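Reading through the structure tokens given below for one structure.
Values quoted throughout were computed directly from the atomic coordinates according to the rules given, and no laboratory measurement underlies them. Everything numeric in this text was worked out from a predicted model, so none of it was measured. Here Cβ is always computed from backbone atoms with ideal geometry, including for glycine, and neighbour counts include all displayed protein chains.
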Amino acid sequence: MVKLGHYYEGDKSCFRIYAPRKKTVEVELNNGKTKFSLTLNDDGYWTGSCNKLHEGSLYWIILDGERSYPDPASKYQPFGVHGGSMIVNPEKCDLSNWHGVKMEDAIIYELHIGTFTKEGTLKAAENKLKYLSDLGINVVELMPIAEFPGNYDWGYDGVFLYTLESSYGNYKDLKSFLDTAHNLGIAVINDVVYNHFGPEGNYAGFYAPYTKDADTPWGSAINFDASDCSGVRDFYLGNIEWWLRNIGFDGFRLDAWAMVQDCSKSRIQREICDLAHQIGKEEDRSILMIAEHLRNDRLVTSSCENGDDCDSQWVDDFGLAIRATLAPDTEDRLLKSFYPTPFKDIVTAFKQAYVLDGTRFNYAIEDYSGTKPEGVEPQQCVVYIQDHDMIGNRILGDRFIKTAGKDKALLATVALFASKNVPMLFMGEEYGEDNPFLFFESFSDPWLIEAVREGRKKEWQFSKIEPRDSHDVETFNDSRLDWEKLDNEENQNILKLYRKLIELKKQHMIGCAGENGLYQVDNDESTITISNGRSIVRLNFSNGVKTFPENDYDIVATSNCCNTKTEIQPFSAVVLACK
């Protein structure tokens, strides 16, 4: 791949800037005291070099002699999205004894660096990795860490995709985080946004047509197939190289993958996945490519000619069917597709993951999207009870345990691990965190701040509750995890259940297809029983005690201490294993 922005070659500092329609491109150094011109090549790139600049040097790019801009391929923006670009040369994490985690073995934990700890930094998060390892987590998924406006944001407003968010730390901190994770057997994947740029601080459009008019929730889409798209495609493929080859991440969560629009014969989606997997082969490690597609399209994980060849994709259906059953909310558009028979949809999700398979209207995206899941393997679907969207896009940002109560939340948890698909947790759920995870941002543009406020109010205009101000720093602060809850016996008991369920999942006692490929799902009007040859999982979705025949199995995990082998308490679950 081509090197972009600043890079070192021997004793030279080199620059390569994509700006095919510009007349002049210059590099500005030393606060404008030094400038030198780049030369336009036939491929639309401007290139040039100077004596080697030391790390920490700031530079700007001057377009057509009129104005200075940060470099779209900047590797560090210590003064924010409107500041100069800093020259860095990060050291890659140590991969000498690391081969990654296979998709079929993954236990995923989604976390947001800014709210995971009180400090909100990579250093502080690194100190929690041993805790995650003890829990049984082997894949950490970081919500986007690309530079965004201000000091707090979900991350999906990022505008410098090669740049580590400066409020989270520096590249030494990131290397230490990755090295510690790998030493504990944990893979780390990076949540990347390849479908749009954030609304503040995006200067890429001044260089080249990085976006095109399109119908997306965020306005313009990325230009992968229109005029002068070659350098744009290089930019995103280069981003894959940067985070994998230069930094050492173990893969990506691909945000809103269905909104990546490309009509080229060689689709960027497949090129991205092929490149990532090629790097994995070259470095002898598993690279995980997980799409947030949310259309239940089997081509996302297919290796056929028209497929994207992702390793897995998020599937909302499992969690939404459980939510619609245990905590019905007729105003929640995500749940609307699962009424009036959400319990039957849980059974379907256990059997094939896809519930919305093109035969039913999907109210969340207002179409009949979805395909039959023929050929989709269990590890090609990531399932969960909650993720950042399912919580943060609710008006109160309430977690499932807050919405439904502890009993129903733990029932849902046992169901999650009894699934044959790949489980994912959202940070804090493993000990019963009930602090909200709200939507927050720290834009600096007054017009944009007010537009977000008004947009949120409009979204919830039919609610009696007014949404929290996303720009208020207290909205961000209130979304932090409260680790002191682990001092409570009740939270410790929840944590013990999660640890046990993860242990059973890893031992292939629950969730997998067991001996002889057995995975049997039986149900009546309110209970589900799952057998896989090694264990029996009983799930009671009713408000009454359910009685089952005597058996020779022993209880190895239960969501309610009053459960027995034959009597399951209301809204609870038990795992029975062969003696």
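Listed values, structure above:
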{"quantity": "Ranked packing of 439-446, 136-143, 30-37, most packed first, by mean Cβ within 10 Å", "calculated": "136-143, 439-446, 30-37"}
{"quantity": "C-alpha center-to-center spacing [the stretch 130-172, the stretch 249-301] in angstrom", "calculated": "20 Å"}
{"quantity": "Cα pair distances of the stretch 129-264 binned at 5 Å [whole percent]", "calculated": "2, 10, 18, 21, 19, 13, 8, 5, 3, 1, 0"}
{"quantity": "Listed peptides 306-316, 352-362 by packing density, highest first (mean Cβ within 10 Å)", "calculated": "306-316, 352-362"}
{"quantity": "Cα-based reach from Lys265 at 19 Å (exclusive), listing lysines while leaving out same-chain residues under 8 positions away", "calculated": "Lys212"}
{"quantity": "Equivalent ellipsoid semi-axes - Cα gyration tensor, the stretch 515-577, angstrom", "calculated": "19, 14, 9"}
{"quantity": "Listed peptides 547-559, 188-200 by packing density, highest first (mean Cβ within 10 Å)", "calculated": "188-200, 547-559"}
{"quantity": "Euclidean distance between Cα centres, the stretch 303-347 to the stretch 83-104, Å", "calculated": "34 Å"}
{"quantity": "Burial ordering of Val27, Val300, fewest other beta-carbon atoms within 10 Å first", "calculated": "Val27, Val300"}
{"quantity": "Residues Thr348, Thr566, Thr301, Thr330, sorted so that the one with the fewest Cβ neighbours within 10 Å comes first", "calculated": "Thr330, Thr566, Thr348, Thr301"}
{"quantity": "Relative contact order, percent, the stretch 224-310 [alpha-carbon distance under 8 Å, six or more residues apart]", "calculated": "30 percent"}
{"quantity": "Inter-centroid distance (Cα atoms) of the stretch 383-399 relative to the stretch 530-579, Å", "calculated": "28 Å"}
{"quantity": "With Cα atoms, 0 to 90° folded angle of helix 268-282 axis to the chain main axis", "calculated": "90 degrees"}
{"quantity": "MRE, 222 nm, helices only [DSSP H, n ≥ 4, -39500 (n - 2.57), over the chain, to nearest 500]", "calculated": "-7000 deg cm²/dmol"}
{"quantity": "Gyration tensor over alpha-carbon atoms, the stretch 199-252, equivalent ellipsoid semi-axes in Å", "calculated": "23, 13, 11"}
{"quantity": "For the chain, average projected area of the Cα convex hull in nm²", "calculated": "26.5 nm²"}
{"quantity": "Those lysines that a straight Cα-Cα span of less than 18 Å connects to Lys75, excepting residues fewer than 8 apart in one chain", "calculated": "Lys3, Lys12, Lys52, Lys92, Lys172, Lys175"}
{"quantity": "Equivalent ellipsoid, the stretch 59-166 (semi-axes from 5 times Cα gyration tensor eigenvalues, Å)", "calculated": "32, 16, 12"}
{"quantity": "Candidate lysines for bridging to Lys351, where Cα separation is under 22 Å - those fewer than 8 sequence places away on the same chain excluded", "calculated": "Lys336, Lys372, Lys408, Lys420, Lys505, Lys506"}
{"quantity": "Taking the chain and dividing mean pair separation by its residue count, relative contact order in percent (alpha carbons under 8 Å, at least six apart)", "calculated": "11 percent"}
{"quantity": "Percent RCO, i.e. relative contact order, over the stretch 515-577, from Cα pairs under 8 Å lying at least 6 residues apart", "calculated": "31 percent"}
